[in-house]
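Computed from the coordinates by the stated procedures, all read-outs in this text should not be read as laboratory data. Bear in mind the structure is a predicted one, so any value in this text is a computation, not a measurement. Glycine gets a Cβ as well: all are built from the backbone with ideal geometry, and neighbour counts include every protein chain shown.
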Amino acid sequence: MCLRIHELILLTIIFAGCGSPKEYLYTLSSSPASDSPGTLPTNALASIVVGPVTLPEVVDRPQIVVRVGPNQVALAEQHRWAASLKSEIPRVIAENLAQLLGSGLVSSYEQEVGARADIQVLLDVKRFDATVGEAATIESFWTIRWASGQPTTGRSVVREPIGGDGYDGLVTAHSRALAALSRQIAEAIRSGNATGR
């Protein structure tokens, strides 16, 4: 009788384990600058903060969202972001800008809530799309707010191919797209500082 109870408990544990599919968590990563960092001029403003970021509701969720047709998306239930995209995107862009501008005074909005920065980079992400095995696309309007002077605005559309069919490749492609977006923003910051904003 005692042996039978142990067998039932063991079977219950085995079946419980089989019923829970494995969940995979992903984070976006910064990319090392492809060329030597273009340091800011000596008259550059001291601090840069990236964020906040606005996102389309359809991708503002824990699950990775993939496009499966022109008017259809799917949620990858077992493939999720380890942190909110609203905190991941500014973190990665801040890390990229720090490398590209050769500055240690770049942070994300999440890190510097309430702090006043000399330069603030706002992002309005219109598309954060991916099709597994094809490409990741980021479309964003961005605004650089200077401590003094008129803001600088821009629009970037970046499409990066996805290597392979897995979600690792999809996340890597998104990270590369954010690196390309960061390079465009860094160039605008350099230009603004050169003109004495």
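Over all Cα pairs of the range 63-162, how is the pair count split among 10 Å bins, expressed in % and running from 0 up to the last occupied bin? P(r) for the range 63-162, in whole percents per bin: 13, 39, 32, 14, 2.
By the count of neighbouring beta-carbon atoms within 10 Å, fewest first, Leu105, Leu97, Leu55 end up ordered Leu105, Leu55, Leu97.
Can you tell me the dipole magnitude for the range 23-194 around its Cα centre, using point charges on the Cβ only (Lys, Arg +1; Asp, Glu -1), in Debye to the nearest 20? If you can, show how the numbers build up before the last one.
Values: 14 positive and 18 negative charges, 87 e Å.
Charge dipole, the range 23-194, about its Cα centre: 420 debye, nearest 20.
Restricting the calculation to alpha carbons of the range 23-194 gives Rg and Dmax of 16.1, 50 angstrom.
Mind sorting Lys86, Lys126 by how few other Cβ atoms lie within 10 Å of their own Cβ, fewest first? Write out the running numbers ahead of the final one.
Values: Lys86 17, Lys126 14.
Lowest to highest Cβ neighbour count: Lys126, Lys86.
Positive-end ranking of Gly163, Ala98, Asn193 along the dipole of the range 40-193, with charges on Cβ about the Cα centre, is headed by Asn193.
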